[in-house]
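The structure appears right after this line, and notes come after that.
The values are calculated or read from the model by the stated rules, or taken from the named source; none is laboratory data. Everything quoted here is computed from the prediction, not taken from an experiment. Cβ: placed from backbone, ideal geometry, glycine included. Neighbour counts: every protein chain shown. Each accessible area value is taken on the protein alone, full model and side chains, heavy atoms only, with ligands, DNA and RNA left out. Shrake-Rupley method; radii C 1.70, N 1.55, O 1.52, S 1.80 Å.
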Amino acid sequence: MGAVGARILIVDDDAASRRLLEVRLRALGCDTITAGDGQEALATLRQEPPALMLLDLQMPRMGGMEVLRTLRRDALDLPVIVITAHGSIEAAVEAMREGAYDFLPKPFDPHHLEIVVRKALEHLGEHIKRKGAT
């Protein structure tokens, strides 16, 4: 699966961060939808399933780690790239244990974001092919 046309859910409580990510992802040809917190993200996920989620960790009402745990508990198979200004090795390790595909600290390099998004979508495409072959 390539980036062009891929639907990506951006979850961040900071409107400026959501907007910046939308602009970057649309430049790659992606279709974007947004949510301001974890609860909104889970509701959106069930209505408009995305190919990929970009997820902030620190948010009101429901944070990113709780979203990751909910995805895993509900067996929702979705690649998640965690993006946070509160990046630490401990947070990255915990996010990966909870099922995150990758972890990017803010501020992020736009080129690196593009690479990680493309790799996550390629990984998703390979996963879908393997599931179809079984």
Point-to-point label distance, residue 43-residue 27, nm (Cα→Cβ direction, 7 Å offset)
3.2 nm
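In the chain, which whole DSSP H runs stretch at least 15 Å along their own axis (Cα) and average 0.0 or higher on the Kyte-Doolittle scale? Intermediate results must be reported in sequence, preceding the final value.
Working: long enough: 15-27 (18 Å, -0.10); 110-133 (35 Å, -0.58).
Helices passing the filter in the chain: none found.
Output needed for the chain: three equivalent-ellipsoid semi-axes, defined as square roots of 5 times the C-alpha gyration tensor eigenvalues, in descending order, whole Å. Don't jump to the answer; show the numbers that get you there.
Details: eigenvalues 80, 62, 45 Å².
Working through the eigenvalues yields semi-axes of 20, 18, 15 Å.
Helix-only mean residue ellipticity at 222 nm, the chain, DSSP H runs n ≥ 4 weighted -39,500 (n - 2.57), per residue, nearest 500. What is it? Numbers along the way, then the final one.
Working: 5 runs with 66 residues, N = 134.
About -15500 deg cm²/dmol.
Can you send over the carbon and sulfur percentage of the accessible area for the chain, probe radius 1.4 Å, protein chains only?
On the way: 3690 of 7070 Å².
Carbon-and-sulfur percentage of accessible area, whole number: 52.
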Distant-in-sequence amide H partners of residue 34 (H built 1.01 Å from N, under 5 Å)
10
5 Å is the cut-off here: which amide hydrogens, built 1.01 Å from N in the peptide plane, fall below it relative to residue 103, excluding neighbours closer than 5 in sequence?
82
Through the Karplus equation 6.51 cos²θ - 1.76 cosθ + 1.60, θ set to phi - 60°, convert the phi angles of the range 51-61 into ³J(HN,Hα) values in whole Hz; use x for Gly and Pro.
7, 7, 10, 9, 10, 7, 8, 8, 9, x, 6
